[in-house]
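Here is the structure we will look at.
The values are calculated or read from the model by the stated rules, or taken from the named source; none is laboratory data. Since this is a predicted model, take the numbers as computed values, not measurements. A quick note on method: Cβ atoms are made from the backbone with ideal geometry, for glycine too, and the neighbour counts reach across all protein chains shown. Protein only, heavy atoms only, side chains kept; ligands, DNA and RNA dropped before computing areas. Shrake-Rupley method; radii C 1.70, N 1.55, O 1.52, S 1.80 Å.
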Amino acid sequence: TKHLLLFTIGPVQSFIAQARKTQDLYAGSKLLSDLIECAIKALPQGSEVIFPAKNIQSKPNRFLAVINNADLTIGKAIEKTVKDKFLEITNNSYGNKPLNFDDQIKNFLDINWVILPYEEEKYKETYKEIEKTLGAIKNVRAFNQLDELGRKCSLCGERNVLFYKECSECKKGNKEKHECTYNKVKLKPNWKNFDDNNFEDQEIKTKIHHYNNSLVDVPGTKVQSGEGLCAVCFTKRFYKPCHSELVSESFPSTAEIALMESLKHLDSSLLSQYKDLFKSYTFDEQLYFDENLTEAYFKKNGLEGLKDQLPEIKKKNEEIKKATKDKGLKLNKYYAIIALDGDKMGKWLSGELIQDISKLKDFHHKLSSKLGTYAGNVKTYIKEDDGSGKLVYSGGDDVLAFVNLNHLTDVLEELRTNFPDFGGTEESSASCGVAIAHYKIPLGEVLKRARKMEKAAKEKGNRNAFGIAVLKHSGEIEETVFKWGESQASIGLLSDLIDHLKKEEFSNTFIKSLNVELHRLMNDEGKIDNHKADDIIDTELKRLLIRSRNESKGITKDKAIELAEKIFSLFKSKSNDVQNFLSFLNIADFLTGR
């Protein structure tokens, strides 16, 4: 009469990562979380949910539950409930649906589940079998081929565009001279009129005719000029989270994340006066940067009606820049994405790392509870109101968030220090990837880099590590990977270095000089072919730090040597990886914001 049910909803990474706007990223994760919540609520009364914990708001894409008095049809019933819910959500996103809307929606969700007979004393065996079976199912994926003729979505690149916004040139009637990337499909030049006798061409022409006539030109500002969206990505863009009654929860742009800390300290009336100049237009924090106060930018972003007010807008923007400078602040153009993931979670869940595997179910409950508490606490480390950033999701053992650079090291230390102890045969840990990027770099690329650095932390750093990449607007990239260290020593050192440089207690010339000197000695692998490499770096660090110290700030020779020893111990922790070490120092210098 009892069964164990493992239920998953996908696709996860592709759906979340396919994002042009931060709102897409947030809405994608929230939509999947709401669907898994819907699935859990569809369980029969009296069911026991083992994971995730009830208090996790950002639910992961799977759940495990014990069901009483259930038959094998319960999995199908829950799957239908989820699909019906998704269809309801999509139907609410737009009234008059274009051609193929329902087909795109019905072919999207990838739902897999396994249900097995369950006996309390055989929990560990049943759990092992259910995970193994689900893995086998996912390895043999069934899919329906969606036959479509048209242009592909600018967000996912997989499905046809059904919703679009014409670019400014097309709106002016210059469609023949300027083909909008996501405008209607045009007939091939060698095709004649619609009344020719070639059936194959005629059939294709008819399809194109119906497709073109069904496209929807979307009003408002949520779809950008020249952008086209499929039904799934349109639903994500306009999704109204379940806890919101009227409109989708807003999510700050990358420019707003970068500016959070600085704007928090500026006169609110000055900022309000500036925003008022844009009247009924949608304001984007990119407009704080004078590089965007041009006729070309206004034309591209639907602000053409304000081009005559550009002189007044620029004047008020200069006031904001002056106020920022007077407070010793900077209108920063860089932000960070953090992706954290628990290490060896598969082994923890299988019971490999616990002392008494016969108590696996009890361990699962405790693990779920601890991760639920951790997920709730993450919200206190990353908050929009204190200028630290904005959380995309915190599902227990995984976190994705946008972070303002002024708070980056503090947030990283909080995330790792407070990661729960699972109480097993070894210490539980988490690895983290960080991508720091200019606000104009495509969001999808930044997210990929954060995931890449998370993977590097697990592989190159051998887990319990972090990886940081800086993607500069110039195209230059710096990457470094280090262990967290005891009490997160390496992040603490990064924070201390940034602080020393910001306070001008040390000049950054020691970093620049070290780069020049060590690059002369490095081979193609970023290492030094010299058994005295350690002595060379130790000696040079002390010499350069002593020389670059600011005596007027009370920095003695002993303090310089003390800092040099800390930095050298960091180098020793990844023996002879000189480029990785130099990148750590370069990133510290970059994060000073100078």
Under the Karplus curve 6.51 cos²θ - 1.76 cosθ + 1.60, θ = phi - 60°, whole-Hz ³J(HN,Hα) for region 104-117, x wherever Gly or Pro sits: 5, 5, 5, 8, 8, 4, 10, 9, 10, 8, 9, 10, 10, x
- request: Would you mind classifying region 11-58 by shape? Square roots of the alpha carbon gyration tensor eigenvalues, ordered a ≥ b ≥ c; an a/c under 1.5 is rounded, otherwise it is prolate if a/b is larger than b/c and oblate if not.
  value: prolate
query: If you average 1/r over every pair of different alpha-carbon atoms in region 450-523 and take one over that average, what Kirkwood value in Å do you get?
result: 14.2 Å
- line: With a 1.4 angstrom probe the carbon and sulfur portion of accessible area for region 465-543, in percent, totals 46 percent
- prompt: Considering only DSSP beta bridges with both partners in the chain, what is the antiparallel share in %, to the nearest 5?
  reply: 85 percent
message: If I take R0 = 56 Å and measure r between the Cβ atoms of residue 476 and residue 48 in this structure, what FRET efficiency does the formula 1/(1 + (r/R0)^6) give, to the nearest 0.05?
response: 0.60
message: Test of understanding: express the Cα radius of gyration of the chain as a ratio to 2.2 N^0.38 Å, with N the residue count.
response: 1.11
- prompt: In region 293-379, which GluC sites (Glu not before Pro) fall in coil by DSSP and have 10 or fewer other Cβ atoms within 10 Å?
  reply: none
- request: Provide the per-residue ³J(HN,Hα) series for region 120-135, in order, calculated from phi with Karplus coefficients 6.51, -1.76, 1.60 and θ = phi - 60°, each as a whole number of Hz, with x at glycine and proline positions.
  value: 3, 6, 10, 4, 5, 5, 5, 5, 4, 5, 6, 5, 5, 5, 5, x
- request: Give the carbon-plus-sulfur fraction of the accessible surface of region 329-462 in %, rounded to a whole number; probe 1.4 Å, heavy atoms of protein chains only.
  value: 45 percent
- prompt: If you roll a 1.4 Å probe over region 1-144 with all protein chains in place, what percent of the accessible area is carbon or sulfur?
  reply: 50 percent
- request: Along Cα→Cβ, 7 Å out, is where each label goes; now give me the distance between the ones at residue 280 and residue 73 in nm to one decimal.
  value: 5.5 nm
query: Using bins 5 angstrom wide from zero, how does P(r) for region 414-550 break down, in % of all Cα pairs?
result: 2, 9, 13, 15, 19, 19, 13, 7, 3, 1
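Mind ordering 447-456, 112-121 by average Cβ neighbours within 10 Å, highest first? Write down the numbers at each step before the final one.
Working: 447-456: 21.2, 112-121: 15.3.
Most protected by this proxy first, the peptides run 447-456, 112-121.
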field: 16 Å reach of a label modelled at residue 80, 7 Å along Cα-to-Cβ, counting backbone N of region 34-72
entry: 39, 42-44, 71-72
query: Shape call for region 317-422 from the C-alpha gyration tensor, a ≥ b ≥ c root eigenvalues: rounded (a/c under 1.5), prolate (a/b greater than b/c) or oblate?
result: prolate
- request: Please tell me the relative contact order of the chain in percent, rounded to the nearest whole number, where contacts are Cα pairs under 8 Å and at least six residues apart.
  value: 12 percent
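Order of 557-565, 432-440 by packing, highest average Cβ count within 10 Å first?
Result, highest mean Cβ count within 10 Å first: 432-440, 557-565.
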- prompt: For region 306-318, what does the Karplus curve 6.51 cos²θ - 1.76 cosθ + 1.60, with θ = phi - 60°, yield as ³J(HN,Hα) per residue in whole Hz, taken in order and with x for Gly and Pro?
  reply: 10, 5, 6, 9, 4, x, 5, 5, 5, 5, 5, 5, 5
Å² of accessible area per residue within region 231-382, as computed with a 1.4 Å probe and no ligands counted: 48 Å²
task: Would you check the accessible area of residue 158, probe 1.4 Å, heavy atoms only, in square angstrom rounded to 10?
output: 100 Å²
statement: DSSP beta bridges in region 397-483: the antiparallel percent, rounded to 5, is 55 percent
message: List the residues, sorted by chain then number, that are 5 or more residues from residue 2 or on another chain and whose placed amide H is less than 5 Å from its amide H.
response: 69, 118
task: Quick one: work out the % antiparallel among DSSP beta bridges in region 387-542, nearest 5.
output: 70 percent
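Given a 1.4 angstrom probe, what's the average accessible area per residue across region 474-594, in square angstrom?
On a per-residue basis, region 474-594 sits at 51 Å².
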query: Is there a pair in 458/574; 97/165; 327/559; 30/361 whose C-alpha atoms are over 20 Å apart, and which pairs would that be?
result: 327/559; 30/361
